Structure formats: C-alpha cells, structure tokens
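Scroll down for the structure; my scribbles are underneath it.
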Amino acid sequence: MSSAQSDPGVRVVASGPNPAGYRGFSLGEFRFWRDDYFVYVDWPTGSHVASADAFLKALQRDVAWEFFYGIVNFDGVIGTVNHYGTVDLFAGRYNDAWRKAELDHVQNFPTPLIRATFAQMLDDWTNAGFDPFASPDETGSAFGPKHGANTAAVTRRRVTAARMVGLGGDEPLRSDATGHRVNRQFADVAQDEPLVQPQPGFGDRVHAFNLFAYLSRSDVTWNPSVVSVCKDSLYCPTTEEYILPIIHGNDRVEWFVQLSDTIYWEVEDRDSGAVRSRVTMHPGDVAAMPADIRHQGYAPKRAMLLVWENADSALPGLISSGQLPTNPIDF
Ligand SMILES: [Fe+2]
C-alpha cells in the first residue's frame with residue numbers, strides 16, 4: 001500500500017499496479033480494482049462487477065460534480081449520497097432485493113477523502129484516448145491493459161459561473177479560439193450573438209449571450225454546468241448524447257426544459273428502484289422531476305437540455321421532514 005495526495009491530511013490507500021497495470025484502491029471497508037474489461041468492488045457483505053467504461057463515466061461525473069445533489073447511483077448497486085461535507089458510499093442500499101437480502105452496505109466519509117480516492121482511481125484507470133465525458137461516438141476505448149492516461153480530460157474544470165458566462169471576470173464564452181468547435185450534430189445552430197447596448201456605467205450589469213451557440217460548442221455530454229446564477233436559482237444547461245452514465249437520485253425538485261431534440265427519461269422510486277414512469281421530452285417540453293425519484297436519460301441524438309437547480313441548502317431537510325412536498329406543483 002502507498003499513499004500520495006495533494007490535499008493535506010488526506011491519505012489515499014492504494015496498491016501498486018496489478019498484472020493488467022492498474023492500481024487497486026481501498027476506502028474504508030470497500031475495495032476497488034479493475035482489469036481489461038471490468039471494475040470489481042467488494043465490501044464485508046458482498047461484491048459487484050461493472051463494465052469499466054460505464055464505471056469510469058459515472059466516476060468522472062461524481063468527481064467533477066463534487067458528488068452533486070442527492071444520490072449518484074453508478075448503477076443499481078453502487079453509488080454515493082452527498083451530505084454536503086461528508087459523503088456516503090453505498091452498495092445495494094437503494095436496491096430492494098439487496099436490502100431484503102441484507103447484503104447492502106453504507107459507509108460515510110469526509111468529502112476530501114472520498115474525493116481524493118475517486119480522483120486518483122479515475123486518473124489511474126482512464127487510458128490514453130478515452131474521455132469519460134465524451135459521447136461514445138467521439139472517444140476511444142476504455143478497455144484493455146493500462147496504456148497511458150488522459151489526465152487533461154479527467155481533470156477538466158467544470159463551468160460554474162458566479163453571475164453569468166461572458167460577463168467580465170466570469171466564465172468565458174466558447175469559440176474556436178478557446179478550443180470549443182461547433183459539435184458535428186449542431187452544425188445548423190446559428191452562431192450570432194445578441195447586440196447589447198448598456199447605458200454608460202452599466203456595462204458590467206447588462207449582459208446577454210446566445211445560449212444555443214454556447215451549448216453547440218460543448219465538448220462534453222451529460223455535464224450540467226452553471227451558466228447563470230440568481231441567488232439560489234442556477235441555470236445548468238447541458239448537452240446530452242447516448243445514456244446518462246449515472247442514475248440521479250434527487251434530494252430536491254429539478255426542472256427540465258428540453259431545448260432541442262429528444263430525451264427519454266426512465267423514472268424510478270429513489271429508494272427502491274421500482275419503476276414510476278417514462279417521460280419523453282421533445283423541444284419546448286418542461287418537466288419537474290420530484291424530490292423522491294431517480295432518473296436516467298437516453299438521448300438518441302445530441303440534445304440540449306436546461307436543468308434548473310435550486311441550490312438552497314435547506315431544501316433536503318425540509319423535504320425529508322415533510323415540511324415541503326416532493327412535487328413542486330399540484331394540478
Ligand atoms: Fe437529476
């Protein structure tokens with residue numbers, strides 16, 4: 001076992017390379033290792049096998065999103081729950097069959113420890129040519145014995161505007177010059193920008209930009225990034241293609257506005273995984289995902305989706321204690 005970490009006080013527990021070239025990692029009572037095709041996880045009461053590409057795509061998002069809101073299910077067995085300061089790592093906890101068989105397991109970790117462990121695992125297990133954020137048609141293979149790395153891709157910074165992208169001192173707009181070319185499936189998206197003519201003295205307060213053009217230049221999929229902020233109201237648009245690599249379990253309501261193309265959502269009960277509904281969203285459709293579900297999206301062609309998040313940190317407690325409903329609106 002060895003340890004190496006930039007976070008002071010955090011000690012990642014990892015082994016040397018196995019015959020396939022990959023290091024193994026331990027986090028509390030969980031152990032993780034991989035070979036050419038698969039990732040293996042075990043814990044005191046059970047074990048799990050997952051395809052390496054699916055696991056890395058989920059791991060990439062959990063790391064980049066700082067464990068996101070609520071639950072990030074890597075699949076029907078493994079995942080994390082964000083307690084905003086600590087994180088639960090679980091196996092089988094949100095799976096009815098695993099729970100009834102009493103094989104499920106949960107362990108809570110300080111966020112810096114699980115973040116550092118996952119970040120090192122992601123970097124060590126991602127081979128040259130594979131980008132876990134890219135669509136399958138736009139990246140190489142995750143498989144085979146370890147060959148090279150793709151550190152630039154797996155440490156890509158997530159866009160989080162303080163006010164709005166394009167404002168002075170905030171996240172920049174995208175262009176050919178910033179290395180963001182128009183995606184092959186958005187070649188028909190107009191690239192003109194609105195004319196903004198603020199009165200003198202208001203140049204830093206009046207702003208607009210072409211969101212469609214901005215999204216047409218996204219080089220990643222299923223990665224909500226913050227483009228505008230008004231107090232706790234965050235606009236987190238994203239471009240989607242193929243399958244959302246995680247099953248997101250909500251701890252608050254999320255609104256979806258379909259901006260282009262089509263996404264199919266599989267919606268399940270957050271805690272048991274029981275099927276609740278299937279939602280097909282076409283351009284202009286709006287949906288509110290309740291606070292007690294989990295969902296996974298399928299996009300047959302690159303699609304633009306506006307995810308509207310409420311970052312109010314009181315919401316999970318108000319909803320779980322019943323003071324707020326799990327749905328935002330009654331018809
Ligand atoms: Fe979600």
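The values are calculated or read from the model by the stated rules, or taken from the named source; none is laboratory data. Note that the coordinates shown come from a computational prediction; the quantities given were computed from them, not determined experimentally. FYI the Cβ positions are ideal-geometry reconstructions off the backbone, even for glycines, and counts take in every protein chain you see. SASA here: full protein model, heavy atoms, side chains in, ligands and nucleic acids out. Shrake-Rupley method; radii C 1.70, N 1.55, O 1.52, S 1.80 Å.
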Inset, instruction - Sorted from largest down, give the three principal axis spans of the alpha carbons of the chain, whole angstrom values. - result: 64, 49, 40
Legend entry - Part-to-part distance (alpha-carbon centres) for segment 177-207 and segment 250-270, which is given in Å: 27
Inset, instruction - Mind listing the long-range amide H neighbours of Y242? Cut-off is under 5 Å, sequence gap 5 or more, other chains count too, H placed in the peptide plane at 1.01 Å from N. - result: A299, K301
Inset, instruction - Using a 1.4 angstrom probe on the protein heavy atoms only, line up D36, D170 by accessible area, largest first. - result: D36, D170
Legend entry - Solvent-accessible ranking of Y22, Y235, largest area first, probe 1.4 Å: Y235, Y22
Inset, instruction - Treating only the Cβ atoms of Lys and Arg (+1) and Asp and Glu (-1) as charged, compute the dipole magnitude of the chain about its Cα centre; round to the nearest 20 debye. - result: 460
Inset, instruction - Might you tell me the accessible area per residue for segment 159-224, computed with a 1.4 Å probe and given in Å²? - result: 58
Inset, instruction - May I ask you to compute the full-extension gain from L195 to A162, defined as 0.36 nm times their residue separation minus their alpha-carbon distance, rounded to one decimal in nm? - result: 9.6 nm
Legend entry - Gaussian network model of the chain, Cα within-10 Å springs - most flexible of G179, G24, G144: G179
Inset, instruction - Taking only Cα atoms and a 10 Å spring cutoff, compute GNM fluctuations for the chain and point out the largest among T117, T126, T155. - result: T155
Legend entry - Carbon plus sulfur fraction of accessible area for segment 1-150, probe 1.4 Å, in percent: 55
Legend entry - Of T178, T86, T160, the one that fluctuates the most in a GNM where the chain has Cα springs shorter than 10 Å: T178
Inset, instruction - Heavy atoms only, probe 1.4 angstrom, no DNA, RNA or ligands counted: give me H248, H180 ranked by accessible area, highest first. - result: H180, H248
Legend entry - Cα gyration tensor category, rounded, prolate or oblate, for segment 130-251 with a/c compared to 1.5: prolate
Inset, instruction - Note down the accessible area of E266, probe 1.4 Å, to the nearest 10 Å². - result: 60
Legend entry - Reach of K57 by Cα under 23 Å, taken over lysines that are not fewer than 8 positions away in the same chain: K146, K301
Inset, instruction - Please calculate how many Å² of accessible area segment 1-80 carries per residue, with a 1.4 Å probe and no DNA, RNA or ligand atoms counted. - result: 39
Legend entry - Within segment 130-166, backbone nitrogen closer than 16 Å to the virtual label 7 Å beyond the Cα of R181 toward Cβ: 135, 137-140
Legend entry - segment 194-210 - phi-based ³J(HN,Hα) in whole Hz, Karplus 6.51/-1.76/1.60, Gly and Pro as x: x, 7, 10, 10, x, 5, x, x, 10, x, 9, 10, 10, 7, 7, 8, 7
Inset, instruction - Run the quick spin-label model on R205 and D188: label points 7 Å from Cα toward the beta carbon, then report their separation in nm to one decimal. - result: 4.1
